[in-house]
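The values are calculated or read from the model by the stated rules, or taken from the named source; none is laboratory data. Not measured: the values here are computed from a predicted model. Note: ideal-geometry Cβ built from the backbone for every residue, glycine included; neighbour counts use all protein chains shown.
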Amino acid sequence: MTHEDQATRPRVLAVIPARGGSKRFPRKNIAPLGGKPMLAWSIAAANGAEMVTEAIVSTDDEEIARIAREWGGNVPFLRPAHLAGDDVRNSETLIHAVEWFRNERGQEFDIVLLLQPTSPLRQPFHIDQAVRALWQSDATTIASVTGPHKKRDVVIKKITQDGRLVNYYTDDPNEGYYRYNASIYGMRTDYLLQHRRFTSEREIPLVMELVYSIDVDEVLDGYLAEAAMKYLEETRNEKT
């Protein structure tokens, strides 16, 4: 069943996970990027999205919580220690947030969004597009991707004629593929709680331009992100 004809908007929880530990890029979630701590970009995007009901930062770290609040982030709890390790999956962080709101505030959500702070170029309109696309479909999840690309890569996706995001298997070098950019994952809450996953076989894509898709995993990525920010600012100025 689709939600196209429903008059009500979905109740949407956006979760920005920002734990304290990071091996390759220490303290990267609060590292300076374009004049702000990196997670501040995701906070601003989530707060600016019309389709988000509640946006929170989920962290185990007091310093990150303080900085998040300074930049407008909602940090309603500190994540428990058993959800702070390197091996903790983001799905468990999302489930913890859903259950916290249910138990502490009696709030329920139709859709949960995973907005990783390492995607600082994601914009509010991307988030709104993702929510609307998932809500109006019969899919269980949505994932942001870039493409179409022509060169084979590790995680390869394609978009089918009926708009599904599926695994890509082909020997045709001219058929483009899509890859996750780690910026937005959206899922129906009941699917998340039942399967403890944020991707599915019934998944649809949100295609994002490459300039918005930089994932800051290492220090060099931060310089690339700042260059992309400068490029976007210059192109905006050219259009005005």
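Within segment 202-240, can you find the residues that are outside any helix (DSSP H, G or I) and either free of Cβ contacts under 8 Å to residues at least 12 places away in the same chain or over 23 Å from Pro148 (Cα atoms) (or both)?
Listed by number, the residues that qualify are Glu218, Thr240.
So which residues in segment 202-240 are closer than 14 Å to Leu134 by Cα and either buried (at least 18 other Cβ atoms within 10 Å of the Cβ) or acidic (Asp, Glu) (or both)?
Glu203, Ile204, Pro205, Leu206 - these are the residues of segment 202-240 that are closer than 14 Å to Leu134 by Cα and either buried (at least 18 other Cβ atoms within 10 Å of the Cβ) or acidic (Asp, Glu) (or both).
How about segment 58-79: which of its residues are closer than 15 Å to Arg27 by Cα and either free of Cβ contacts under 8 Å to residues at least 24 places away in the same chain or β-branched (Val, Ile, Thr) (or both)?
If the condition is that a residue be closer than 15 Å to Arg27 by Cα and either free of Cβ contacts under 8 Å to residues at least 24 places away in the same chain or β-branched (Val, Ile, Thr) (or both), then Thr59, Glu62, Ile64, Ala65, Arg66, Ile67 are the ones that fit.
Could you pull out the residue among Leu165, Leu192 that is within 30 Å of Thr53 (Cβ to Cβ) and at pLDDT below 95?
Going through Leu165, Leu192 in turn, just one is within 30 Å of Thr53 (Cβ to Cβ) and at pLDDT below 95: Leu165.
Run down Lys150, Lys157 and say which single residue is among the basic types (Lys, Arg) and crowded, with 17+ Cβ neighbours inside 10 Å.
Answer to the check: Lys157.
I'm told Asp110 meets every condition in (1) in contact with a Pro (Cβ under 8 Å, 6 or more places away or on another chain); (2) crowded, with 20+ Cβ neighbours inside 10 Å except one. Can you identify the failing condition by its number?
(2)
Quick check, is Ser42 small (Gly, Ala, Ser) and buried (at least 21 other Cβ atoms within 10 Å of the Cβ)?
Yes.
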